[in-house]
Amino acid sequence: MNLYQNSPDVSGRDYREDELFLTIENLRSELLEVAQERSLSDHAVLELSQRLDGYIVMAQNLMMESLRSRKNGAAPYGKNTKSQRIRNKAALQQ
């Protein structure tokens, strides 16, 4: 998904987005497989679900940031991006 064709950081950002969406898809597939074999309240199912939720929130934040940047005419990954990534990483480690 390349919304910023003129941005100098496009290839790096696209790679991170692609990696994020690939991680989400892999976790989703794994969750479906484990949930078919075990109870939905099983610890492994809950843990996978929580990890997937964290990555989905991260992707939503990325999309919202992208929309705000486009709306404001700013380049993607501005000043607040680093702090947002730190918050996302911390949320995933919980």
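The values are calculated or read from the model by the stated rules, or taken from the named source; none is laboratory data. Everything quoted here is computed from the prediction, not taken from an experiment. When we count neighbours, we look across all protein chains shown, and the Cβ atoms used for this are built from the backbone with ideal geometry, even at glycine. Ligands, DNA and RNA are stripped out before the accessible areas are found, and what is left, the full protein with its side chains, is counted by its heavy atoms. Shrake-Rupley method; radii C 1.70, N 1.55, O 1.52, S 1.80 Å.
Return the total of residues in region 29-48 being open to solvent by 40 Å² or more (accessible area, probe 1.4 Å) and assigned to a helix (DSSP H, G or I).
Counting residues in region 29-48 that are open to solvent by 40 Å² or more (accessible area, probe 1.4 Å) and assigned to a helix (DSSP H, G or I) gives 9.
Looking across region 49-94, the residues that are among the hydroxyl-bearing types (Ser, Thr, Tyr), modelled with pLDDT under 85 and either surrounded by 13 or more Cβ atoms within 10 Å (Cβ to Cβ) or outside any helix (DSSP H, G or I) (or both) come down to TYR77, THR81.
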